[in-house]
Structures are given as structure tokens and as C-alpha cells.
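Quick notes on the structure that follows.
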Amino acid sequence: IQNPKGNSDRQGSAQAVLEGQATYEQMKIMLGSSNLATRLEGGWDRVRDAIRESQSSMPIFAAAPMAIQESLLFPYLSGAEFVRPFQQHRPGASVLDSMPVSSEQILSEQAFFGAPRDMPTTIDLGGGSFVHEETMGEFGTRLFIFQHSKSQPDAVGAAHGWDGDRYRVVTAGEGTALVWVRAWDT
């Protein structure tokens, strides 16, 4: 589940299910209710804000690049946000029986529960030599856009509709270059 080669988006989605279910169940026990949306003031965004506000007590975390920080939070918080609608749509079913295959399916209820499920487009960059090749996913695309725009709403909006991507780091003369191909729902 957690070791697909060359697809960290799928790996992160699997991790989000595993960690998210544990986080969701822990919060449900702590709050004494399965309806976390009404019991957790401000929802998961408030939890994210509380973590960011407490960074002074976590100097190593605070010093990490934003992409690392958000990647560390994603499986726990976004995964827990995924588990809530899963339990509503499929009461009594195990989330492990139908794993999401992309961060888009974690982040968008419609992408996972819609009929048919929104499966990512596979992009093949062909042969050739390269330093590294990977899939960024909707979550990684959001982070990339936020890093440049510094606007959370713009990053979320711009990454919405992600349908697949592939990037490759290639040698270009004395340095390296990035080739990034993306597919969109429309």
C-alpha cells in the first residue's frame, strides 16, 4: 500500500487513509461523538491553525519548508476529513476495502464517491534519461501553487480539477530542468 514506485501521490493517499482513520477515531473518542463537524469548533481548519500557532514549541517543525510541514500534516488531517464522509456514504464498510488512489480522491468527496469514481489520468513521459520522475497529485499541485501565490484560496481553486500529472527532473547542460505535464478534468 505504501510503496508504489514513482507515485508518491498514491502513497500519500494510502497513508492519509491509514493515519486519517486513526486520527478520526481518536477525535471521536475524545469528543464523545461521531459527528465531529458539530463537536469540533472550527473543524479541521481550526486544528491546522492550532498546529501552526504552536510552532514555537516545535522549532524543528517550524524551521522546515512549508511543503514539508504540510506534507506531514496531510495524512492526519486530510485523511481524517476523508474518513467522515466515507463513514456517511458507506456505513459499516472498511475504508481499507476501497482505497483512494490519488490525493484528489482524499480532498474531493465527489472525486471518490461520485459515479464513476474520478480516476487519475496516467501520463507517460516516454523513455530517455532523467534524474528523477514522480507524480505530484492535486495536493502537491496545491502546495506548488501556494508556494508561488501565497494565497490558500487561489492554490485550492487552481488545483481543483486536477486529473493527473507527471514530472521529470532532467539534466540540462550544466544544470537541471523540470518537465511537468498535467491533465485536467476539463
Which of Gly128, Gly92, Gly137 fluctuates most in a GNM of the chain (C-alpha springs under 10 Å)? That residue is Gly128
To the nearest 0.05, what FRET efficiency results for Ala172 and Lys150 with a Förster distance of 22 Å applied to their C-beta separation? 0.20
Along segment 136-147, Karplus-curve 3J(HN,Hα) (6.51, -1.76, 1.60; θ = phi - 60°) to the nearest Hz, with x for Gly and Pro, reads 8, x, 5, 5, x, 5, 4, 4, 4, 5, 4, 4
What are the ³J(HN,Hα) couplings of segment 122-127, residue after residue, when phi is run through the Karplus curve with 6.51, -1.76, 1.60 and θ = phi - 60°? Round to Hz, x for glycine and proline. 7, 10, 10, 8, x, x
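May I ask you to give the solvent-accessible area per residue for the chain, in square angstrom, as obtained with a 1.4 angstrom probe?
Per residue, the chain has 56 Å² of solvent-accessible surface.
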Could you give me the ³J(HN,Hα) list for segment 98-108, computed from phi with Karplus coefficients 6.51, -1.76, 1.60 and θ = phi - 60°, whole Hz, x at Gly and Pro? 8, 6, x, 10, 7, 5, 4, 6, 6, 7, 10
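Taking 0.36 nm per residue of separation and subtracting the Cα-Cα distance, what length does fully extending Trp180 through Asp124 add? Don't skip to the answer; put the middle values down first.
On the way: separation 56, 0.36 × 56 = 20.16 nm, distance 1.12 nm.
Contour length minus the Cα-Cα distance gives 19.0 nm.
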Okay, helix-only estimate at 222 nm for the chain: each DSSP H run of n ≥ 4 adds -39500 (n - 2.57), divide by all residues, round to 500 deg cm²/dmol; what do you get? -16000 deg cm²/dmol
Using a 10 angstrom Cβ neighbour count of at most 11 plus a DSSP loop assignment to flag exposed GluC sites (Glu not before Pro), which longest range of the chain is free of such sites? 42-173
Taking the simple approach of a point 7 Å from Cα along Cα-to-Cβ for both Asp49 and Arg117, what is their distance in nm? 3.4 nm
To the nearest 10 degrees, how steeply does helix 43-53 sit against the main Cα axis of the chain, on a 0 to 90 scale? 70 degrees
For the chain, with all protein chains present and a 1.4 Å probe, just round the carbon and sulfur fraction of the accessible area to a whole percent. 54 percent
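The values are calculated or read from the model by the stated rules, or taken from the named source; none is laboratory data. Quantities reported herein were computed from a predicted structural model and do not represent experimental measurements. Backbone-built Cβ (ideal geometry, glycine too); neighbour counts: all protein chains shown. Areas reflect the complete protein model, heavy atoms only, side chains present, ligands, DNA and RNA absent. Shrake-Rupley method; radii C 1.70, N 1.55, O 1.52, S 1.80 Å.
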